[in-house]
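What follows is a single structure, written as structure tokens, with notes after it.
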Amino acid sequence: MAFSLIEAIYQSIGEIETQKAQSNITQFIQPSSLNCDSLRFIATKSFYSKFTKMLKDLNIQMHETRINEKKYNLFNLFTPQAPKKAFKCKIADKVTLIASYSADSFKKARQAKRTLDNFIFIELHGLTQYDPQSKSPIKLNNTTIKILKFMFKYCDNLKKRKTLNLASFDIALDYQDNEPISKEYAISKATYLEHIPADFKTYQETIYIQTDKEHNAPNINSNLQKIIIYSKKIKNDLLYPLNRFELRFLISD
């Protein structure tokens with residue numbers, strides 16, 4: 001049976017969190033494509049050891065990189081204790097894998113009375129991207145699917161003792177519309193946006209819908225933290241119009 005990333009997400013977060021996410025997604029007019037573009041996990045050090053061994057078996061090597069100070073400031077992490085480095089690699093042309101420490105992983109370490117490097121944030125970005133000439137999303141390659149299957153084999157948010165926890169994911173709703181990005185356009189795709197307790201802020205032709213201007217703003221409702229709307233034609237130099245609604249969900253632990 002073909003691997004379904006969205007089904008794997010729903011299975012790992014459980015029925016209640018799935019229903020919360022779907023109650024937002026189904027408010028939108030049917031898009032031309034609905035997929036997950038980003039995943040953010042909190043992993044224990046023991047899982048990360050297994051994970052890096054698996055990457056080595058796939059001939060994938062992560063390279064050390066510094067996380068810029070701005071990102072640490074956003075997450076309130078720029079402290080003497082905070083590691084200032086991350087590990088990063090490309091696992092496909094458009095798919096990036098990042099491992100680093102986060103505000104959430106620090107919180108977990110402190111709650112468990114462990115050192116700050118005992119929990120690690122693992123992120124996958126670019127899972128739903130396009131080639132400039134094709135209007136269909138690029139299919140995930142075998143390596144990416146193997147990595148995702150490995151991660152979801154260990155990921156179960158309903159377990160009491162977790163080695164891997166799905167903390168957040170972005171659902172991408174893509175519309176082949178030649179329409180400028182605006183509040184009116186957003187509401188035309190989901191009329192409930194007119195009544196949600198959040199602000200519409202525009203920055204560099206992108207709309208951010210969230211409860212305040214902070215990066216880690218409180219959720220809009222249930223598990224929906226923010227919505228980001230932008231033109232992928234402009235952002236990714238596509239040869240055809242494509243507007244994306246990115247719904248970011250935060251999963252309660």
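Selection of region 234-253 for residues being surrounded by fewer than 19 Cβ atoms within 10 Å (Cβ to Cβ) and farther than 21 Å from Phe41 by Cα yields Ile234, Lys235, Asn236, Asp237, Leu238, Leu239, Tyr240, Pro241.
Can you tell me which residues in region 48-95 are at pLDDT 85 or above and within 25 Å of Ala217 (Cα to Cα)? If the condition is that a residue be at pLDDT 85 or above and within 25 Å of Ala217 (Cα to Cα), then Ala86 is the only one that fits.
Looking at region 141-218, the strands (runs of 3 or more DSSP E) lying wholly inside it that each contain 1 or more residues that are within 19 Å of the chain's Cα centre (by Cα), among the β-branched types (Val, Ile, Thr) and surrounded by fewer than 17 Cβ atoms within 10 Å (Cβ to Cβ) sit at 206-210.
When Gln133 is tested against the conditions (1) modelled with pLDDT under 85; (2) open to solvent by 50 Å² or more (accessible area, probe 1.4 Å), the lone failure is (1).
Return the residue satisfying two criteria in turn: it lies in region 83-119 and is in contact (Cβ under 8 Å) with a residue 12 or more places away in the chain and under 20 Å from Ser252 (Cβ atoms), and of such residues it is surrounded by the fewest Cβ atoms within 10 Å (Cβ to Cβ). Among residues in region 83-119 that are in contact (Cβ under 8 Å) with a residue 12 or more places away in the chain and under 20 Å from Ser252 (Cβ atoms), the one surrounded by the fewest Cβ atoms within 10 Å (Cβ to Cβ) is Ala103. Scanning region 7-47 for residues that are touching a residue at least 12 places away in the same chain (Cβ under 8 Å) and either in a helix (DSSP H, G or I) or within 14 Å of Ile251 (Cβ to Cβ) (or both) yields a total of 21.
The values are calculated or read from the model by the stated rules, or taken from the named source; none is laboratory data. These figures come from a predicted structure and were not determined experimentally. All Cβ positions, glycine included, derive from the backbone under ideal geometry; neighbour counts span all protein chains shown. These area figures cover heavy atoms from the full protein model, side chains too; ligands, DNA and RNA do not enter into them. Shrake-Rupley method; radii C 1.70, N 1.55, O 1.52, S 1.80 Å.
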